Every structure is written in structure tokens, then in C-alpha cells.
1. Hey, can you tell me all the residues within region 65-112 that are in contact (Cβ under 8 Å) with a residue 60 or more places away in the chain, buried (at least 22 other Cβ atoms within 10 Å of the Cβ) and in a loop (DSSP other than H, G, I, E, B)?
2. Can you tell me how many residues within region 148-168 are buried (at least 22 other Cβ atoms within 10 Å of the Cβ) and assigned to a helix (DSSP H, G or I)?
3. Can you say whether residue 188 is assigned by TED's automatic domain parsing to the domain that holds residue 95 and either touching a residue at least 12 places away in the same chain (Cβ under 8 Å) or assigned to a helix (DSSP H, G or I) (or both), as far as the supplied structure shows?
4. Can you tell me which residues in region 172-202 are closer than 13 Å to residue 6 by Cβ and crowded, with 23+ Cβ neighbours inside 10 Å?
5. Name the residue, out of 50, 85, that is out of contact with any helix residue (DSSP H, G or I) (no Cβ under 7 Å at 6 or more places or on another chain) and assigned by TED's automatic domain parsing to the domain that holds residue 192.
6. What's the number of the only condition in (1) under 20 Å from the mean Cα position of the chain (by Cα); (2) within 23 Å of residue 33 (Cα to Cα) that residue 183 fails to meet?
7. For region 16-39, name all the residues that are part of a helix (DSSP H, G or I) and either touching a residue at least 40 places away in the same chain (Cβ under 8 Å) or in contact with a strand residue (DSSP E or B) (Cβ under 6 Å, 6 or more places away or on another chain) (or both).
8. Check whether at least one residue in region 19-38 is out of contact with any helix residue (DSSP H, G or I) (no Cβ under 9 Å at 6 or more places or on another chain) and under 24 Å from residue 170 (Cα atoms), and report yes or no.
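The values are calculated or read from the model by the stated rules, or taken from the named source; none is laboratory data. These numbers come from a predicted model, not from an experiment. We place every Cβ from the backbone using ideal geometry, glycine too, and count neighbours over all the protein chains shown.
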């Protein structure tokens, strides 16, 4: 399929090597400012996809992110942040990258060119009809991603995508496409920049909205977060102090006892004090 790739379009700027450091930074920032507006135009598509993701997870399914290079790494970042942020199991949101885990740090040559490997990676994790698979590819042409979504469609597994070109093979394949057209990159073709930023923003929107609708946020607080470091313990203590109108000492005792902000709040409101 032939289509126009805006991600490969010529930069609006030239002779970058002749620019001062300040000019470079200012112009990169100028381009970055346009990304959020491009994402805003795609909210109807993001909404359609997110509603289905929520339904799939409500019935016991999982959310998979599938990508190569920068796109794959962004999916893995979002997936890995869900358990500590929202207290969900590690297999609720899963990020897969062409070339496997070693590709997270170093590029694996030609890993993204296989039309079959993406589906093979999903099959290893027993992909099924209750799951949802989001293919992430700035260009919308990555064989690893497109091939996997085609196999998902054949097996009646719902699919979506995040891409930065309109009418790409990936967008045509996905049942719920998200197309965020950010235009030419500051450095021609460097889709880790505006395209990568757009993908990160959309991933944040999808996962955060999904977790809120699944009851993993109370008010505006991460009451199910894992207390995995002192910063988060202190944050949890402050949440309890604000929610229950109790002293710092009592909040610390409650949190130490229940190891969960949500459990501590429920116990206190049911009449259980920290010292009991």
C-alpha cells in the first residue's frame, strides 16, 4: 500500500549544524508545543479504543502493547509503570518489543522486519479473545506490528494502534486506530521526537483512564500504589492524614499495619484504629 508518510517529511528547519545551542533548543521546543494539539484532534479515536480496553479488562482480559524501537520501548515503559502506580498484577498490562528484552537497551538488527514474530510473541503468552492488543508504530508500516494485528483479527482478538501517519497499513489493519499526525520532525525522520512524544501522551491517556474506570484511583489519589520506596511511603502517609484527618504518627502506624492506603482507609472507617 502506498501512502504519504508525514513522519518522513522534510523538516521545517535547515542547516541545523549552523544554529546556536539556544536556537536549537528553542526550535525543538517550538515543534514540541504542537504535539498536544495533534493529540487533541485524536481524542474521539482514543475514546473509542479506551472504552473497549476497559470492557476487555473488566471481563478478565489483558492489555498488550506491541512495538519496535522507540515505540516498543514506550509501550514497555507504560506497562511497567502500571503495577507500582495502580497496584495491579504485572500481567494486566504487558509490553512487547521486537527483538525481545535485549532490544530495550540496544537495537536488534532487522527484528522489526518479521511479519510472524509479533504473533509468535503473543502466542507465548496465551493471547485470547478477552485480551486487547495495541500496535505502536510511528510510521504505521512495521511488519512485526502489522503482521501481529492481522493474526489477532483472524483470531477475533480486538486490536488498536497508535501511529503518526494517516492511512497507514497499521491503521487500516487495526479495528480501533489512533492516528496522531504531528507532521515533520525537527531532524528529518527522527520519529523518537514529536512522534514518540505523541505516543507517550496517548499511552498515558489510555492506561490512566482505564485504571481510573477500573476503580484504581479514589478521588484523585493513587490509593492502590505499591509502597516500594520511602517517597511513596511518605506520599501514602500524607494521603491518610488528609483523608482521615489523623496525625502523622497514626497514619504511619496504619500504613505500616496494612501496607496499603486503600486497606488502611477502609479499616479506619470501619472502626479499626492503628493500635488495635
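1. The answer is 68, and nothing else.
2. Going through region 148-168 one residue at a time, the tally reaches 3.
3. Working: assigned by TED's automatic domain parsing to the domain that holds residue 95: yes; either touching a residue at least 12 places away in the same chain (Cβ under 8 Å) or assigned to a helix (DSSP H, G or I) (or both): yes.
It is true that residue 188 is assigned by TED's automatic domain parsing to the domain that holds residue 95 and either touching a residue at least 12 places away in the same chain (Cβ under 8 Å) or assigned to a helix (DSSP H, G or I) (or both).
4. 180, 182, 185, 191, 194, 195, 198
5. On the way: 50 fails: out of contact with any helix residue (DSSP H, G or I) (no Cβ under 7 Å at 6 or more places or on another chain).
85 is the lone residue from the list that is out of contact with any helix residue (DSSP H, G or I) (no Cβ under 7 Å at 6 or more places or on another chain) and assigned by TED's automatic domain parsing to the domain that holds residue 192.
6. For residue 183, the failing item is (1).
7. Of the residues in region 16-39, the ones part of a helix (DSSP H, G or I) are 16-18, 21-32, 35-39.
Of everything in region 16-39, those that are part of a helix (DSSP H, G or I) and either touching a residue at least 40 places away in the same chain (Cβ under 8 Å) or in contact with a strand residue (DSSP E or B) (Cβ under 6 Å, 6 or more places away or on another chain) (or both) turn out to be 16, 27, 28, 31, 32, 35, 36, 38, 39.
8. yes
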